[in-house]
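What follows is one structure encoded as structure tokens, with my remarks underneath.
Bear in mind these aren't lab numbers, they're just calculated from the coordinates by the rules spelled out. This is a predicted model, so every value here is computed, not measured. Heads up, the Cβs are rebuilt from the backbone with ideal geometry, glycines too, and the neighbour counts pull from every protein chain shown.
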Ligand code: HEM
């Protein structure tokens, strides 16, 4: 019996500084008689309770040393889960007022850290950029990205670098984006025509914007592959699948909070996500196979660019010489469609909401459009670069309503220190951009919509989308800053400039406009914006005719 006590105390003794002492004390105890059951029982109990308390001491002493950030206490087992508010970005800002700019929350067995100060964000996205260049994706995100084969959820490494280089530097080079301009133009004109036919009727602005952006994206991707009718059929199926996927993304999943039970997929989120992804995957497979047979007819992949898909299929990485696999293409398409469409269209909706709430700003924007584009002209994408006032209004809308208010989570690949606190490896770290964009220490009248602050001479005139200045990070910052920034900015400006130049916008009678937000995959307007568009320029129907 004593050997068992000795061995276990010695084993644990290797783990902590108190244990060797216990080991030696145990040797002083009298040897229990092997044939005397009560004394053996007593020794067993003593051993077990000793082990239990020593382990506790060890944990406490380790915690003391590691100095985690402060944070509210939760309940046993579930942690802080039952107390989470619905609008997490706002709720997290309120907690920051109590616990400071860096604090922790335990949810289930997972540790979360929330940061809402530019100085601490700098430590994460600059000083420890490589360590924090990982995401620790949820179960749904892994299913969505074919196990992290995309850009957004891939671990920081060779594959992520290759895909990001391909997407950011090559596909979104100025030359390439210019080359696909006609695809975007066609879709914007189609939407304007559609709005023309619904002139005077209430429309859901977010839906119109979403349809426009997703059509722009799919048109750039496979516009040169499918015929018009086929594209329309695939487009309709696609929209349905995307809507299903977005809902799943926003569902809190117990498997993420309790990884030990993850394999049971209690809520079925992972299963449903896999089904939705498989459904979209079949659409992608169909389009890819159509493109391959088209190329075969033309005698191999090469020659002129006709769409992004063509580009992806013939791509060979300059460093590794590798092509990209069909699964990587599909994962990348997922990122672009899901990461690009909802974010851009929701920003269109928020900007129009603020403009309708601020009629003078709307008038200023339209005056600028008249001056630069002209009353008798259609907006072209090239105009977008010459519209500083509209640009400032969009930036201001994104300050107040960043569609990814907590960005995408970061996760350190090794334990490190931020703001003097230990952030253990694997912790999910949220950067609360929403809170930082409203910090009165940096922004004057932070809750007011004032585009002028982004104009020359304004307090924020120097701030760009690239995330260099950490007070303003609607697209994130550091090496995992939004990979679709160039394309996103172009689509956003083009759609807004077109909608605002071609149409007058007003609210249907009796509708009160508010700024209530709803936290989810993207930060939506709680009540969708419904507005009435009427033609603003003369002979609009001639500009948008097929
Ligand atoms: C208004 C439009 C958009 C906004 C506000 C936005 C915002 C963001 C944010 C905040 C992040 C996380 C950055 C970070 O962790 O620091 C992100 C990542 C990403 N976005 Fe966007 N985005 C937009 C449009 C787009 C578009 C159009 C695409 C693709 C066509 C796109 C693709 C991506 C991808 C692939 C990532 C992951 C980057 C990585 O992990 O390396 N986004 N975006």
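Please compute the contact order of the chain in relative form: average sequence separation of alpha-carbon pairs under 8 Å and at least six residues apart, divided by the residue count, as a percent. Write out the running numbers ahead of the final one.
Values: 748 pairs, mean separation 114.1, N = 546.
That works out to 21 percent.
Which of rounded, prolate or oblate describes the stretch 63-197 when judged by the alpha-carbon gyration tensor and an a/c cut-off of 1.5? Mind showing how you got there, number by number?
Values: a/c = 2.35, a/b = 1.77, b/c = 1.33.
The shape class here is prolate.
Given the C-alpha atoms of the chain, compute the convex hull and give its volume per residue in Å³.
Values: hull volume 102.8 nm³, N = 546.
Expressed per residue, the convex hull around the Cα atoms of the chain is 188 Å³.
Ignoring solvent entirely, what values of log10 I(q)/I(0) come out of the Debye formula for the stretch 450-546 at 0.10, 0.24, 0.25 Å⁻¹ when each Cα is a single scatterer?
-0.45, -1.25, -1.26
Helix 37-66 against the longest principal axis of the chain: what's the angle in degrees, Cα atoms only, rounded to the nearest 10?
40
Could you tell me, in Å, what Rg and Dmax come out for the Cα atoms of the stretch 154-261?
18.3, 56
Label points 7 Å out from Cα along the Cβ direction at residue 417 and residue 174: separation in nm?
4.5
Where q = 0.28, 0.33 Å⁻¹, what log10 of I(q)/I(0) comes from the Debye formula for the stretch 78-117, counting one point per Cα?
Result of the Debye calculation: -1.04, -1.21.
With the Cα gyration tensor of the stretch 106-170 in hand, convert its eigenvalues to equivalent ellipsoid semi-axes via √(5λ) and list them largest first in whole Å.
So the equivalent ellipsoid measures 23, 19, 9 Å along its semi-axes.
Would you please give the FRET efficiency between residue 78 and residue 251, computed as 1/(1 + (r/R0)^6) with r the Cβ-Cβ distance and R0 = 22 Å, to the nearest 0.05?
0.80
Hey, how many Å between the Cα centroid of the stretch 505-523 and the Cα centroid of the stretch 381-457?
Distance between centres, Cα-based: 21 Å.
With no solvent and one equal point scatterer per Cα, compute the Debye intensity ratio I(q)/I(0) for the stretch 185-343 at 0.11, 0.17, 0.18 Å⁻¹ and report its log10, rounded to two decimals.
Once normalised to I(0) and log-transformed, intensities are -0.56, -1.08, -1.15.
Going by a ≥ b ≥ c, the root eigenvalues of the Cα gyration tensor, does the stretch 252-375 fall in the rounded group (a/c under 1.5), the prolate group (a/b larger than b/c) or the oblate group?
Numbers: a/c = 2.85, a/b = 1.21, b/c = 2.36.
It is oblate, given that a/c is not under 1.5 and a/b is not larger than b/c.
Translational diffusion coefficient, Stokes-Einstein: compute it for the stretch 306-440 using the Kirkwood radius over C-alpha pairs as Rh, at 20 °C and 1.002 mPa s, and state it as an integer in µm² s⁻¹.
Details: Rh = 19.1 Å.
Approximately 112 µm²/s, per Stokes-Einstein.
Just the number: Rg to Rh for the stretch 203-293, Cα atoms, Kirkwood Rh, two decimals.
1.09
For the stretch 528-546 and the stretch 92-164, compute the distance between their C-alpha centroids and round to whole Å.
42
Could you work out how far helix 388-400 tilts from the main Cα principal axis of the chain, as a 0 to 90 degree angle to the nearest 10?
Roughly 30 degrees between the two axes.
If you scale each eigenvalue of the Cα gyration tensor by 5 and take the root, what three semi-axes come out for the stretch 381-523, rounded to whole angstrom and sorted largest first?
Gyration-tensor ellipsoid for the stretch 381-523: 31, 18, 16 Å.
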